[in-house]
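I have placed the structure first, in the form of structure tokens, so that the comments after it can refer back to it.
The values are calculated or read from the model by the stated rules, or taken from the named source; none is laboratory data. Model, not experiment: these values are computed from the prediction. Backbone-built Cβ (ideal geometry, glycine too); neighbour counts: all protein chains shown. The accessibility values were calculated without ligands, DNA or RNA, using every heavy atom of the protein model including side chains. Shrake-Rupley method; radii C 1.70, N 1.55, O 1.52, S 1.80 Å.
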Amino acid sequence: PSNAIQPLRLLLIGCPGSGKGTQSSRLEKNFGVSHLSSGDLLRRNITDQTPLGQQARQYVADGKLVPDNLLISLIDTELLQVGNPNWLLDGFPRTIKQAQALDNSLNKIMQPLNLVINLQVPEDVILQRIMDRWIHIPSGRVYNLSYNPPLVAGLDDITGEPLSKRPDDTPEVFKVRLEQHHAMASPLLDHYRNVVVNVRGNTSDEIYPQIESEIVNKLGVLPGNLPEAL
Ligand code: ATP
Ligand code: MG
């Protein structure tokens, strides 16, 4: 039917440490979206020393953007394989060139992004979060020693495997990542101006309910009530 609700095709934009990973886990759990994180995919490729990982490693270590062509083919492949019409992109696209490539692929299958969520978190709270952050590389699960610690210190809750510090979570590299973000954010938000919503707060708990109501209001999808493939 023409009034059928659309599958969720979401993009999260926000500065490093703004909680994209945390919000993504909640959306994955509550709306059944598949979470595609360019940063998580790159880190897995780097850990596994794949050819892509070897090409990307130094850029990621320095907080610089990995070349567009590598990211574009990585995400194209992931989207082809995802097997779920409801998905959420985190960290991609980050440049206009990446956005145009993504739009082209999605327009071909008539499934454009339908909501872009811009996370706005004050910068003074972010650096401390990054310093307290530990991750489980294989899954991308994020922990924070202050407000979301693992059940057992140093270990992932689900697998019991060891947690890591991201090598780019240092004050020096963080500064570079923040500058990168500011340079790319306004052109990207402008590119998606027709589908973008702003949500803002100091904590992920303050922000998450705002995201949920945007999805309900703009797309008519309720948590736990997923649209099937078209
Ligand atoms: P956070 O995970 O805290 O939100 P972030 O947005 O800086 O921070 P990721 O998205 O995990 O971190 O990305 C980590 C690094 O991976 C980036 O600094 C960059 O080197 C590389 N990267 C990730 N996505 C892209 C992209 N779309 N284009 C180019 N480089 C990317
Ligand atoms: Mg992230």
Taking the convex hull of Cα positions in segment 1-95, its mean projected area over all directions (nm²): 7.3
Long-range amide H partners of residue 15 with built H, under 5 Å: 121
Solvent exposure of segment 4-98 as accessible area per residue, Å², 1.4 Å probe: 41
CD proxy at 222 nm, helix term only [per DSSP H run n ≥ 4: -39500 (n - 2.57); per residue of the chain; nearest 500]: -14000 deg cm²/dmol
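Relative contact order of segment 64-151: what whole-number percent is it, with Cα pairs under 8 angstrom and at least 6 residues apart? Walk me through the numbers before you get to the answer.
On the way: 37 pairs, mean separation 14.2, N = 88.
Computed value for segment 64-151: 16 percent relative contact order.
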Relative contact order for the chain, counting Cα pairs under 8 Å that sit 6 or more residues apart, in percent: 32
Three-way shape label, the chain, alpha-carbon gyration tensor, a/c 1.5: rounded
Probe 1.4 Å, accessible area per residue of segment 181-226, Å²: 56
Segment residue 100-residue 175, length gained on full extension (0.36 nm per residue, minus Cα span): 24.3 nm
Anchor residue 165: aspartates and glutamates whose Cα lies under 20 Å away (excluding residues fewer than 8 positions away in-chain): 40, 48, 62, 90, 132, 156, 157
Modelled FRET efficiency - R0 35 Å, residue 139 with residue 194, Cβ distances, 0.05 increments: 0.55
Trypsin sites (Lys or Arg not before Pro) within segment 111-218: DSSP coil, no more than 10 neighbouring Cβ in 10 Å: 193
Amide hydrogen neighbours beyond the local backbone of residue 196, cut-off 5 Å, H modeled: 116
Using θ = phi - 60° and Karplus 6.51 cos²θ - 1.76 cosθ + 1.60, couplings along segment 112-124 (whole Hz; Gly, Pro as x): x, 3, 10, 7, 10, 10, 9, 7, 10, 10, x, 5, 5
Fluctuation leader among 164, 24, 37 - the chain, Gaussian network, Cα springs under 10 angstrom: 164
Between 0 and 90°, nearest 10: helix 51-62 axis offset from the chain longest Cα axis: 70
Share of carbon and sulfur in the accessible heavy-atom surface of the chain [1.4 Å probe, %]: 54
Ranked order, 117, 46 - accessible area, probe 1.4 Å, largest first: 46, 117
